[in-house]
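Shown next, in structure tokens, is the structure this report addresses.
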Amino acid sequence: MKADPRGVLTGTHFLDGDHACCEGALAAGARFAAGYPITPSTEVVERFASRVPKVGGTFIQMEDELAASITLQGAVWGGAKAFTVTSGPGFSLMMEHIGYAAMTETPCVFVDVQRGGPSTGLPTLPAQADMMQARWGSHGDYEIIALCPNSPQECFDLTIRAFNFSEEFRVPVMFMMDEVVGHMTEKVIIPPADQIEVVPRRKTRKPVEEYLPYGTNGDGVPEMAHAGDGYKFHVTGLTHDEHGYPNMTPATQDKLVRRLQSKIHDAIDRITLLEEECLESEDVVVVSFGITSRVAQRAVEMARERGLKVGKLRLITCWPFPEKRIRELAATTKAFVVPELNLGQMVREVERAANGKAKTFAVPHAGGSVHRPEDILKVIVEASR
Amino acid sequence: MSILDVTNPVEPFLRTDRMPHIWCPGCGIGTTVNCFARALIESKIDLQSIALVSGIGCTGRVAGYVKLDSFHTTHGRAIPFATGLKLANPKLNVVVYSGDGDLSAIGGNHLIHAARRNIDLKVICVNNLIYAMTGGQTAPTTPGHAITSTSPYGTCEPAFNLPHLVEAAGAVYVARWTTFHVKQLARSIGEAFQKKGFSFIEVISPCPTLYQRRNKLGDGLDTMKYYKEKSKVKHGAPTSEVGLTMTGEIIVGKFVDRDRPDYQSLLHAQMVESLGECYVEPSETVCSCS
């Protein structure tokens, strides 16, 4: 369906990534946010608090991130599209409720504007060191989707994708920004509402007596009812059967947890968003994401000026990890170079997927600034040998 | 009509396909559920409009046994979940049904802030003075000197007086009963449904398996006798004076019944004042569904 025009600020704007993310959420149909202030993400909810009363929605500032991350899920079951926004320390507090959303299949979006860590770390400076936490931070086996924008325009566009994926697969989607992308200001074009595709909630139309809250058909994604619809359904974070009733047996656990994984894995080709440049028989492929991809772009250009054969692969979808594409490239390339604002997270995935077919070189950075292109270039030169 | 056709009047409120329940013999939680169901029958509220939210623990399991839209959430977070539910769909009557440890320890911060905001929630707090589901550890509500599995020599911490806490934080309706006071409890729950704002009903309830046994306080029946003999009804009692001890008097009754605007009324008034005609009611745009 098309976006509700009331939430869409059509036009050409000069916005930072945080504000663009908020506009993306509004365009996607988000009418509820619960938040707790934390640098460098707060601008997203500040704008939402200003905008949403005029389009028919609610913002509530909660007492902490534990509350924010579950209040939004209450709102989802009450019928709203909802999200929360945070940064590292708050993201840590939200982990339990990312697990709850995964387990109860509550469609929602968690925005993490990454800053330097661990702990309070660097509140005003960038990092990309929450990438593994986004994937594995809550306990147990589960799957999420994580998207990584590298510009304010993408903060708008991909926030809509994040909401759409969350509704399509009934899964929490991590929107992994970073301080630089959040605070850089660039041109953002917001199209007319009738050019924005939004995925509506997968609501059931079944008669009450036929509805199984966690029963699924082909794609492994159950249909949803909202509180007050008359279905008198039960939702629990305990291991549950198709009725949504607790059923703590190994068989039920196996069936449920495997479905939570497979509903995402089976659709990985549709979920995988990549930006590729000159990947045909290059010696080196630079794999990057988020703000680092923009620094990597310069490093790739410098390497080409020196006659090196370098391609570029940008991960827009970081989770589920696009390992099939890395595997394909590993067959034709000598080495991967992976710059990221952490001491080695996504590079492990690249190395795992390459499986020894191509060498993998990390370009670690502890955060607080972005790489210098020369630092990436140095590793590209080394990898080309 | 044969005698076999007689059904319990609360049966339609229960997920009978989930029986038997997990609660121990002598436990008071089932009694509170019975009172809750009777209050619903009495008040004739449309059951479709009720959503019940629980946290984790023995009382947290209530959500799984009532035939209502029901949410068994995470430990301590029933109130913020319920807050989101109520704000997204103000037409819902949202009940939070959970235990003392869940609501006042791990969820204590949410309890006081929801009372401060005066979110229109009906909170039923079953207080068995202990963490029962995990085997009987000290809770913030455990009376001084009581033996628990984590205070084997007796607890030394002062206990929370929950009615005092929630009154101070801003609740509009505060009552306490024991599981002996079934009629009064059902009536209080009915009254809470008539209130707009944060209502809190504490129900003192036995845990014969862990609390009573370790403290040599007898079984479920002995506890009923204690509740009967030592309870004193004092409506309007100052909540500062209703703290509990292990074997002393239990002050019960309706302590607070006052009116102040609930969160959504305040939000509405503020937005209308600031935005005038530009304000769009949130309820008008609950997610347009397929």
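Read-outs: derived from the displayed coordinates by stated rules, not from any lab. None of the values given here were measured: they were computed from a predicted structure. All Cβ positions, even for glycine, are placed from backbone atoms using ideal geometry, and neighbour counts span all protein chains on display.
Available extension along the chain between B:Ile3 and B:Lys230 is 77.9 nm, counting 0.36 nm per residue and deducting the alpha carbon span. Across all directions, the average projected area of the convex hull around the alpha carbons of segment A:189-308 is 13.3 nm². Look at where the Cα atoms of segment A:92-130 and of segment B:195-228 average out, and the two centres are 40 Å apart. The H on the amide N of B:Trp23, modeled in the peptide plane, is under 5 Å from the matching H of no residue at least 5 residues off or on a different chain. Applying the Karplus relation 6.51 cos²θ - 1.76 cosθ + 1.60 with θ = phi - 60° to segment A:258-266 yields 3J(HN,Hα) values of 5, 5, 4, 7, 6, 4, 8, 4, 5 Hz, where x marks Gly and Pro.
Between A:Trp136 and A:Glu197, the FRET efficiency from the beta-carbon distance, with R0 = 30 Å, is close to 0.45. Under 1.5 on a/c is rounded, so check that first for segment A:278-318, then, if it is not, pick prolate when a/b is larger than b/c and oblate when it is not; a ≥ b ≥ c are the square roots of the alpha carbon gyration tensor eigenvalues. It is oblate, given that a/c is not under 1.5 and a/b is not larger than b/c.
Going 7 Å from the Cα of B:Ile41 in the Cα-to-Cβ direction, what parts of segment B:1-29 have a backbone nitrogen less than 16 Å from that spot? Flagged as within label range: B:5-16. Karplus-derived 3J(HN,Hα) values for segment A:295-308, using 6.51 cos²θ - 1.76 cosθ + 1.60 with θ = phi - 60°, are 6, 4, 4, 5, 4, 5, 4, 4, 5, 5, 4, 8, x, 7 Hz; glycine and proline are entered as x.
Averaged over peptide A:45-57, the number of partner chain Cβ atoms lying within 10 Å of each residue's Cβ comes to 3. Taking 27 Å as the straight-line reach from the Cα of B:Lys234, the lysines in range (excluding those fewer than 8 positions away in the same chain) are B:Lys122, B:Lys183, B:Lys195, B:Lys196, B:Lys225, B:Lys254.
Any idea what angle helix A:65-77 forms with the longest principal axis of chain A, computed on alpha-carbon atoms, 0 to 90 degrees, nearest 10? The answer is roughly 60 degrees. Remark on chain A: A:Cys22, A:Cys108, A:Cys148, A:Cys278, A:Cys318 stand apart, with no other cysteine beta carbon under 4.7 Å. Among A:Cys21, A:Cys318, B:Cys156, the order by Cβ neighbours within 10 angstrom, fewest to most, reads B:Cys156, A:Cys318, A:Cys21. In terms of surrounding Cβ atoms within a 10 Å radius of their Cβ, B:Val96, B:Val272 rank from fewest to most as B:Val272, B:Val96. Per-residue 3J(HN,Hα) values for segment A:310-315, derived from phi via the Karplus relation 6.51 cos²θ - 1.76 cosθ + 1.60 with θ = phi - 60°, read 10, x, 9, 10, 10, 7 Hz in sequence order (x marks Gly and Pro).
At what distance in angstrom do the alpha carbon centres of segment A:136-150 and segment A:250-311 lie from each other? Their Cα centres are 15 Å away from one another.
Residue exposure proxy: A:Tyr36, B:Tyr173, A:Tyr142, ordered by other Cβ atoms within 10 angstrom of their Cβ from fewest to most, comes out as A:Tyr142, A:Tyr36, B:Tyr173. Taking a Cβ cut-off of under 12 Å around A:Glu282, the surrounding Lys, Arg, Asp and Glu residues balance to a net charge of 0, with basic ones at +1 and acidic ones at -1. Amide H contacts under 5 Å for B:Ile250: B:Ser231, B:Lys232, restricted to partners 5 or more places along the chain or on a different chain, H placed in the peptide plane at 1.01 Å from N.
If you sort the three axes of the alpha carbon gyration tensor as a ≥ b ≥ c, you get a/c of 1.5 or more for segment B:185-237 and a/b above b/c, which makes it prolate.
Think of it as helices only: each DSSP H run of n ≥ 4 in chain A is worth -39500 (n - 2.57), and spread over all residues that comes to -11500 deg cm²/dmol at 222 nm. Based on the alpha-carbon gyration tensor of segment B:3-260 and its eigenvalue square roots a ≥ b ≥ c, which shape applies: rounded if a/c is under 1.5, prolate if not and a/b is larger than b/c, or oblate? Rounded is the answer for segment B:3-260, as its axis ratio a/c remains below 1.5. Using every pair of distinct Cα positions in the protein assembly as shown, the Kirkwood expression returns a hydrodynamic radius of 26.6 angstrom. Near A:Ile145, the amide H atoms lying under 5 Å from its own belong to A:Met174; only residues 5 or more places off or on other chains count, and H is placed 1.01 Å from N.
Here segment B:54-119 is treated with +1 on each Lys and Arg Cβ and -1 on each Asp and Glu Cβ, and its dipole about the Cα centre works out to around 200 debye.
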